[in-house]
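S.K.: Following this message is one structure expressed as structure tokens.
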Amino acid sequence: MFELDEKLETELDLDGTVYPVNMAFNNIMTLFKLLENKWLRPDEKIQQGLHLLLDTHLEIENNEQVAVFHYLLDHFVNSDQKNVPEVDLEGNPIPIKKQAASQDLRHDASYIYNSFRQAYNINLFEEHGKLDWREFLSLLRGLPEDTEYKKVLDIRTRPYQKGKGTGEANRKLKEAKKRVALPGTSVE
């Protein structure tokens, strides 16, 4: 996460050479797609990921590329966030214990877009290449409860009621959960 009393870091100093790091939210989302790509080898993911983030090909050993890539993920992208896939030393996504997913940035793109327009009057397409990933995450977390995205998250995570006389309410909730369900998730 970032500190308000400090400038957002946007450069990587690698042995005296300074590289600008492309932290635009749309670039980071492209990085996530790259990391989830099952057709690429781990070394290809790291090389392409470094190119996405630094817009250059680093002339360093493979093990150094791995270290730089992990540093960028940990230090800039903040891989402790739920939306950031954790990767091993070779760039492979680390399997995470399955729990009911309530959000997916790609699947929820239209909800997020609409909510940013509603809450902040921000057109995310006009912010490509400009809005920093860390700022995007902060704004996403701060969306008001009356935005479409927050309403969808509420439906996905709302528990069914228990007890007598809750059948109709639970039926309606189940229908709502089906309408906004993430692909491959159960609404039971």
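The values are calculated or read from the model by the stated rules, or taken from the named source; none is laboratory data. Computed from a prediction, not measured in an experiment: that's the story for all the values here. Ideal geometry is used to build each Cβ from the backbone, glycine not excepted, and the neighbour counts take in all protein chains shown. All accessible areas refer to the heavy atoms of the entire protein, side chains included, with ligands and DNA or RNA removed. Shrake-Rupley method; radii C 1.70, N 1.55, O 1.52, S 1.80 Å.
S.K.: For the stretch 168-188, give me each residue that is among the β-branched types (V, I, T) and part of a loop (DSSP other than H, G, I, E, B).
M.R.: T185, V187 - these are the residues of the stretch 168-188 that are among the β-branched types (V, I, T) and part of a loop (DSSP other than H, G, I, E, B).
S.K.: Looking at S138, S186, which one is polar (S, T, N, Q), open to solvent by 70 Å² or more (accessible area, probe 1.4 Å) and within 22 Å of L105 (Cα to Cα)?
M.R.: It is S186.
S.K.: Let me ask something else. Quick one: which of L52, L89, L40, L34 is outside any helix (DSSP H, G or I) and modelled with pLDDT of 90 or more?
M.R.: From the options L52, L89, L40, L34, the qualifying one is L40.
S.K.: Also, quick follow-up: Give R117, R158 a once-over and let me know the one that is modelled with pLDDT under 95 and out of contact with any Cys (no Cβ under 7 Å at 6 or more places or on another chain).
M.R.: Criteria check complete, one pass: R158.
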